[in-house]
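**Student:** One structure is given below, represented as structure tokens, and several questions about it will come after.
The values are calculated or read from the model by the stated rules, or taken from the named source; none is laboratory data. Everything numeric here is computed off the predicted structure, so don't read it as measured data. Positions of Cβ are backbone-derived with ideal geometry, glycine not excepted, and every protein chain shown enters the neighbour counts. Side chains included, ligands, DNA and RNA excluded: accessible areas come from the protein's heavy atoms. Shrake-Rupley method; radii C 1.70, N 1.55, O 1.52, S 1.80 Å.
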Amino acid sequence: MIRRSSLIFVLTGWLLAAPVQAADPTDPAVQALSNRIEEMQTLGSVQVQGTPIGGRILLPAIYAGQDFQPLWTDASRVQELIDLVRTAPEDGLVPEDYLVDQIEAQRRAADASRSPVDIANLDLILTESVVRYGYHQLFGKVNAAEIDSDVNFTRTFFDGREPAEAIPQFIASSAPLQAQLDQFVHRSPVYRGLKAQLAVHRQIGAEGGWPMVTVGETLHPDDSDPRVVGLRRRLAVSGDLPPGSDLTSPVFDNGLKAAVASFQGRHALDADGVVGKNTYAAMNVPVETRIEQIRLSLERLRWVRQDSSGDFIAVNIAGFRVFFANRDGIAWMTRAMVGRTYRQTPVFRGRLSYMEINPTWTVPPGILSKDKLPAIKRDPTYLAKNNMSVLDRDGRKVDPLTIDWQSYGSTIPYILRQEPGPNNALGEIKFIFPNKHFVFLHDTPSRSLFSRAERTFSSGCIRVENPFALAELIMNDPARYDRAALEGIRDTRQTRRIDTPKLPVLVLYLTASLEIDGRPRFLKDIYERDAKLLQALNGPVVISDLDG
């Protein structure tokens, strides 16, 4: 992330090094720009077409570095920018944020008057527009760290160049603006797929949306009910019922069952082909809500653009899934469990350091006082049954039969450690990517819980359904660490730490995602995070780490 203090230092240094006056003080356009920049530095911003433009730092640095020469002297380049920012809705953004109407009005004013002030104002508003648009494409409109202090995704500009240097080069280059952006703004296959789904769902909305399904008693396969006709029409619009299917039959046949199961799978519901309360509710979510979910996911994916350029591990908290991915897309996927609503898994970036096969588990103080100590008091054999050792503060084992457990309240002067084994709370393998949250990926003995549709069962860590398959992918070393070798280490029941490639681990929260086959997947907002982000995404443009 660009630190505001360091950015101020760099850009202030640029201003001090730049000439105080323009290179040609007799040029009226240069003088007008110099005057407007001086006004901007004094007041914090200037008004163009009734809109505040710029801040005290970036725009003055840009123009000082160019000796206050106008940057937008080519009319075709101006039109190219206007055409570019009008495509913002394709990414879930809005052209109004990039001052399209104000640019058009100021261009007409400058063409009519040819006054240096109007020309200077047009130049400023065009530069403001390109700063906003480029910033949003690079990092997203919303600074994630300002709405969630846990977020620590990478934020660097244009291959390390300072924005005050890069932006004039971007404008002056002979290369098309879009081509230059594409050079720096790598879009993952998931982003591109969601962008395509945004267009699809907007078209559905433009055609009136999908029909609401009449809610009533549960519908089962083989039922005959007038509501089945509405069900067919609903699933035809969303593509779950194949084109050409019968939309008039009231009979719940096997084809409709498959369509219902398809819909349920895409909405993280039990895919049993039965239409009950949760399925009715998901089907009757308006298409406008699904459009907003896609917009939010596109924004969240812009946050991680720079952290997803090679092989990486991703967790979608809202989707209860773990992925192994690369520039070509998702290579592997498995189910996951995440934190309970009162122990939420945070959104952040880490870097994998090592994995541990046959880990031990040291019982955290909270679990010890609320769970383990009462269990030991009820059953003196609890420790033996659960393969737990008692350690003193120096790490020496203590015979639990010598301890008067009943004499202790909520704390004890001992450490409880569960030894390796299939019933260990961390399972048979864990993956460590050091972070302040003490969150990591791990196996679990509670494997039956993976069959649940909603899997908020942990205290914040991420439980992985197929952890040894993930380990094999991470190591990518068939000669030493194929699946058989890894399971052979497990079978020794000896704890072994293995250093891993330092892959990024991205813990994300996407309530709209994609199935591997490219179909859209819509998910419950389990932690109720969407509303806050949507408000910011639809709110005013704030670029705090540039504008000072």
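**Student:** Rounded to the nearest 10 degrees, what's the angle between the helix 100-113 long axis and the longest principal axis of the chain, both from Cα atoms, 0 to 90?
**Tutor:** Rounded to the nearest ten degrees, it is 10.
**Student:** So what is the 222 nm mean residue ellipticity for the chain from helices alone, if each DSSP H run of at least 4 adds -39500 (n - 2.57) and you divide by all residues, rounding to the nearest 500 deg cm²/dmol?
**Tutor:** Numbers: 21 runs with 219 residues, N = 548.
It lands at -12000 deg cm²/dmol.
**Student:** Here's a follow-up. Under a crude label model (7 Å from the Cα following the beta-carbon direction), how far is Thr154 from Ala479 in nanometres?
**Tutor:** 2.9 nm
**Student:** Helix 287-303 versus the longest principal axis of the chain: what angle, 0 to 90°, nearest 10, using Cα atoms?
**Tutor:** 80 degrees
**Student:** Oh, and also: Mind giving me the nanometre distance, one decimal, between the label points for Lys277 and Thr411, set 7 Å out from Cα along Cα→Cβ?
**Tutor:** Distance between label points: 4.3 nm.
**Student:** Distances longer than 26 Å among the Cα atoms of region 65-187: what percent of all pairs is that?
**Tutor:** Values: 1746 of 7503 pairs.
Every Cα pair in region 65-187 considered, those over 26 Å come to 23 percent.
**Student:** If you fit an axis through the alpha-carbon atoms of helix 28-43 and take the longest principal axis of the Cα set of the chain, what angle between them do you get, 0 to 90°, nearest 10?
**Tutor:** Helix 28-43 and the main axis of the chain meet at about 50 degrees.
**Student:** Nearest 5 percent is fine: what portion of the DSSP beta bridges confined to the chain is antiparallel? Write out the running numbers ahead of the final one.
**Tutor:** On the way: 43 of 51 bridges.
Looking only at bridges with both residues in the chain, the antiparallel portion is about 85 percent.
**Student:** Also, I was wondering about something else. If Rh is defined by the Kirkwood formula over all Cα pairs and Rg also comes from Cα, what ratio Rg/Rh do you get for region 121-236?
**Tutor:** Numbers: Rg = 23.1 Å, Rh = 18.9 Å.
For region 121-236, the value is 1.22.
**Student:** If you don't mind, another one. Would you work out the relative contact order for the chain, in percent, from Cα pairs under 8 angstrom that are 6 or more residues apart?
**Tutor:** 17 percent
**Student:** Explain nothing, just compute: Karplus ³J(HN,Hα) = 6.51 cos²θ - 1.76 cosθ + 1.60, θ = phi - 60°, for every residue of region 500-513 in order, whole Hz, x for Gly and Pro.
**Tutor:** 10, x, 7, 6, x, 10, 10, 9, 10, 9, 10, 8, 10, 9
**Student:** In region 271-382, what percent of the accessible surface is made up of carbon and sulfur (1.4 Å probe, ligands and nucleic acids excluded)?
**Tutor:** Values: 2080 of 4190 Å².
Ligands and nucleic acids excluded, carbon and sulfur give 50 percent.
**Student:** For region 182-266, what is one quarter of the convex hull surface built on the Cα atoms, given in nm²? Numbers along the way, then the final one.
**Tutor:** Working: hull surface 28.1 nm².
Spelled out: convex hull of the Cα atoms, projected over all directions, averaged, 7.0 nm².
**Student:** With θ set to phi - 60° and the Karplus curve 6.51 cos²θ - 1.76 cosθ + 1.60, what are the ³J(HN,Hα) couplings of region 187-196 in order, to the nearest whole Hz, using x for Gly and Pro?
**Tutor:** After applying 6.51 cos²θ - 1.76 cosθ + 1.60, I find 10, 5, x, 5, 4, 5, x, 5, 4, 5 Hz.
**Student:** Further, regarding this structure: Taking 35 Å as R0, compute the FRET efficiency from the Cβ-Cβ separation of Leu391 and Tyr354 and round it to 0.05.
**Tutor:** Computed FRET efficiency for Leu391 and Tyr354 comes out at 0.95.
**Student:** Please name whichever of Ala268, Gly216, Asn278 sits farthest to the positive end of the charge dipole of region 198-307, dipole taken about the Cα centre and charges placed at Cβ: Lys and Arg +1, Asp and Glu -1.
**Tutor:** Ala268
**Student:** Could you give the radius of gyration (one decimal) and Dmax (whole number) of the Cα atoms in region 291-436, in Å?
**Tutor:** When restricted to Cα atoms, region 291-436 yields Rg and Dmax of 20.2, 63 Å.
**Student:** What order do you get for 531-543, 56-68 when each peptide is scored by the mean count of other beta carbon atoms within 10 Å, highest first? Walk me through the numbers on the way to the answer.
**Tutor:** Values: 531-543: 14.5, 56-68: 23.0.
Sorting 531-543, 56-68 by mean packing, highest first, produces 56-68, 531-543.
**Student:** Under a 5 Å amide H to amide H cut-off, with H placed in plane at 1.01 Å, what residues pair with Glu515 once short-range neighbours are removed?
**Tutor:** Those lying under 5 Å, H to H, from Glu515 are Arg521.
**Student:** Please list, ordered by chain and number, the residues whose modelled amide H lies under 5 Å from the amide H of Tyr354; skip anything fewer than 5 residues away on the same chain.
**Tutor:** It is Ile432, Thr500, by chain and number.
**Student:** Mind giving me the FRET efficiency for Ser76 and Val542? R0 is 22 Å, r the Cβ-Cβ distance, nearest 0.05 is fine. The partial results should precede the final answer.
**Tutor:** On the way: r = 31 Å, r/R0 = 1.42.
Efficiency, rounded to the nearest 0.05: 0.10.
**Student:** Which whole-number percent of Cα pairs in region 455-532 have a distance greater than 19 Å? It would help to have the intermediate numbers written out before the result.
**Tutor:** Details: 1729 of 3003 pairs.
The answer is 58 percent, as a whole percent.
**Student:** Take the Cβ-Cβ distance between Ala145 and Arg343 as r, set R0 to 22 Å, and report the resulting FRET efficiency rounded to the nearest 0.05. Let's see the in-between values first.
**Tutor:** On the way: r = 22 Å, r/R0 = 0.99.
After rounding, the FRET efficiency stands at 0.50.
**Student:** Next question. Taking the chain as the region of interest, what is the percent of Cα-Cα pairs per 20 angstrom bin, listed from the shortest bin to the one with the maximum distance?
**Tutor:** 18, 40, 30, 11, 1
**Student:** What span do the alpha-carbon atoms of region 408-548 cover on each of the three principal axes, reported in whole Å from largest to smallest?
**Tutor:** Dimensions of region 408-548 along the principal axes of its Cα atoms: 58, 51, 38 Å.
**Student:** What whole-number value in Å² describes the accessible area per residue of region 222-379 for a 1.4 Å probe?
**Tutor:** Working: 6170 Å² over 158 residues.
Each residue of region 222-379 exposes 39 Å² on average to a 1.4 Å probe.
**Student:** Moving on. Measure out, as a whole number of angstrom, how far apart the alpha-carbon centroids of region 115-173 and region 316-340 sit.
**Tutor:** Using only Cα atoms, the two centres lie 31 Å from each other.
**Student:** A further question on this structure: Which value, in debye to the nearest 20, describes the size of the charge dipole of the chain about its Cα centre when Lys and Arg Cβ atoms bear +1, Asp and Glu Cβ atoms bear -1, and nothing else is charged? Display every interim value, and only then the final one.
**Tutor:** Working: 63 positive and 66 negative charges, 402 e Å.
Here the size comes out at about 1940 debye.
**Student:** Here is a further query. Taking the alpha-carbon set of region 210-252, what are its Rg and Dmax in Å?
**Tutor:** My reading of the Cα-based Rg and Dmax gives 9.8, 28 Å.
**Student:** Another question, if that's okay. Would you mind checking the pairs Lys195/Lys430; Lys436/Lys524; Lys277/Lys524; Lys377/Lys436; Lys436/Lys502; Lys257/Lys277 and listing those with alpha carbons more than 23 angstrom apart? Intermediate results must be reported in sequence, preceding the final value.
**Tutor:** On the way: Lys195/Lys430 35 Å; Lys436/Lys524 27 Å; Lys277/Lys524 14 Å; Lys377/Lys436 33 Å; Lys436/Lys502 17 Å; Lys257/Lys277 16 Å.
Violating the 23 Å Cα-Cα cut-off are Lys195/Lys430; Lys436/Lys524; Lys377/Lys436.
**Student:** While we're here: Which length gain, in nm to one decimal place, applies between Asn35 and Asp270 when the Cα-Cα distance is subtracted from 0.36 nm times their residue separation? Mind dumping the intermediate values first?
**Tutor:** Working: separation 235, 0.36 × 235 = 84.60 nm, distance 6.50 nm.
My answer for the length gained is 78.1 nm.
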